[in-house]
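The structure appears right after this line, and notes come after that.
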Amino acid sequence: MLSYQHIYHAGNLADVHKHALLAWMLDYLTAKDKPLTYIETHAGRALYDLSADEALKTGEAKAGIAQARKWFKPEHPYARVLDRVTAEDGLNAYPGSPLIAAHLLRPTDTIHLAELHPREHAALELAMSPTGAKIHLRDGFETAFALCPPMPRRGLLLIDPSYEIKEDYNTIFRHIAKLHRAWNVGIIALWYPILTSRMHEPMLEALSAQHPDALRHEVRFAPARPGHGMVGSGMFVLNPPYGLSQEAKRLAADYNRLR
Ligand code: SAM
């Protein structure tokens with residue numbers, strides 16, 4: 001039984017990290033006039049209302065995108081998407097990763113989204129049906145295994161689990177190795193939390209040993225609430241696009257100013 005709901009956390013500092021780097025990568029990929037495939041294993045509902053009770057309850061967006069919006073120049077791809085989404089859906093609207101992809105990709109590109117929670121899946125369908133994205137009510141890794149290698153071969157796979165099942169920390173690196181073998185030219189990006197319990201560390205050690213050329217990028221921030229176990233956000237990217245490391249450094253400087 002899945003209980004995680006991203007609405008409590010949408011627009012927090014981890015989302016800003018993940019979404020800014022995702023938007024930058026998709027913008028980079030679309031600079032070339034060749035179609036691409038975008039796949040997400042854990043899509044969420046794509047459009048969030050930051051004035052909803054759940055979002056207000058945690059206050060994470062208030063400490064997140066509300067503070068971080070000024071870090072991005074208007075021409076940054078993440079800022080461009082935020083501007084379009086708030087113009088279309090109101091000032092409290094916040095785009096999840098599927099909607100960020102839909103805004104930056106082109107009609108010639110293919111989008112596949114997996115979401116297992118029936119309510120999140122229904123909301124995802126509602127938000128994304130006008131975009132032509134293919135939406136799967138299925139386990140995210142099963143979906144990715146079935147799709148990889150996709151056509152077109154160029155593209156990006158985002159893996160953004162909720163880590164509700166602690167076993168995820170033990171299985172993900174094997175899943176990523178299998179996906180990389182199937183789709184060795186694909187960019188594979190994994191988001192992970194930095195935890196005071198350090199539960200993420202063995203997974204990262206295994207990933208780094210397995211993929212020494214991948215980009216590992218982490219930012220640290222204060223816990224959302226006293227005693228909250230997440231104190232940062234990480235992205236592990238296989239086949240990182242040229243320039244991503246520079247962009248990540250720029251973003252990290254903004255986080256460091258916040259601490
Ligand atoms: N990627 C989204 C974004 O950045 O906007 C947020 C995704 S949220 C962190 C994780 C999502 O994965 C939740 O909506 C949850 O319902 C879904 N989920 C959990 N287990 C899953 C599974 N095995 N397969 C697919 N989706 C799953």
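Values quoted throughout were computed directly from the atomic coordinates according to the rules given, and no laboratory measurement underlies them. Treat the numbers as computed from the prediction; the structure is a model and nothing was measured. All Cβ positions, even for glycine, are placed from backbone atoms using ideal geometry, and neighbour counts span all protein chains on display.
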Which value, in Å to one decimal place, does the Kirkwood hydrodynamic radius take for the range 41-109 when every pair of different Cα atoms is included?
12.9
State the percent of C-alpha pairs, over all pairs in the range 6-64, separated by a distance greater than 12 angstrom.
71
Near the amide H of Thr37, under 5 Å away, which other amide H atoms are found, from residues 5 or more places off or on another chain, if H is placed in the peptide plane?
Thr110, Arg154, Gly155, Leu156
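Please give the net charge around Gln210, taking every other residue with its beta carbon less than 14 angstrom from that of Gln210, where Lys and Arg add +1 and Asp and Glu add -1.
+2
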Highest GNM mean-square fluctuation among Glu115, Glu88, Glu54, for the chain with Cα springs under 10 Å, belongs to Glu88
Applying the Karplus parametrisation 6.51 cos²θ - 1.76 cosθ + 1.60 with θ = phi - 60° to the phi angles of the range 225-236, what ³J(HN,Hα) value in whole Hz is obtained for each residue in order, glycine and proline being reported as x?
9, x, x, 5, x, 9, 10, x, 9, x, 10, 10
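Exposure proxy check: Lys178, Lys32 ranked by fewest other beta carbons within 10 Å?
So the ranking, lowest neighbour count to highest, is Lys32, Lys178.
How do 233-240, 208-215 rank on mean C-beta neighbours within 10 Å, highest first?
On the way: 233-240: 22.1, 208-215: 13.4.
In decreasing order of mean packing, 233-240, 208-215 become 233-240, 208-215.
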Please list, or write none, the aspartates and glutamates whose alpha carbon is within less than 15 Å of the alpha carbon of Lys166, excluding same-chain residues fewer than 8 places away.
Glu201
In order over the range 156-162: 3J(HN,Hα) from phi, Karplus 6.51/-1.76/1.60, θ = phi - 60°, whole Hz, x for each Gly or Pro, gives 9, 10, 9, 10, 10, x, 8
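What's the local net charge at Ala248, with K and R +1, D and E -1, over the other residues with C-beta under 12 Å away? Numbers along the way, then the final one.
Working: positive: Lys18, Arg216, Lys249, Arg250; negative: Glu218, Glu247, Asp254.
With Lys, Arg at +1 and Asp, Glu at -1, the net is +1.
Give me the extension gain from Ser208 to Ala253: residue separation times 0.36 nm, minus the current Cα-Cα distance, reported in nm with one decimal.
Details: separation 45, 0.36 × 45 = 16.20 nm, distance 2.33 nm.
That works out to 13.9 nm of additional length.
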Which whole-number percentage describes the relative contact order of the chain, with Cα contacts under 8 Å and a sequence gap of 6 or more?
23
In terms of modelled amide H atoms, which long-range or inter-chain residues lie less than 5 Å from the amide H of His136?
Leu113, Ala114, Glu115
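Could you work out the percent of alpha carbon pairs in the chain separated by over 23 Å, rounded to a whole number? Mind showing how you got there, number by number?
Details: 15908 of 33411 pairs.
Everything past 23 Å amounts to 48 percent.
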Please work out, to two decimal places, the log10 of the ratio I(q)/I(0) at q = 0.17, 0.20, 0.21 Å⁻¹ from a Debye calculation in which every Cα of the range 164-259 carries one identical scatterer.
-0.82, -1.06, -1.13
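Sorting Thr143, Thr171, Thr30 on the 10 Å Cβ count, fewest up front, what's the list? Could you put the intermediate results ahead of the total?
On the way: Thr143 23, Thr171 13, Thr30 17.
Arranged by neighbour count, lowest to highest, Thr143, Thr171, Thr30 become Thr171, Thr30, Thr143.
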With springs only between Cα atoms under 10 Å apart, run a GNM on the chain and tell me which of His19, His112, His228 wobbles the most.
His228
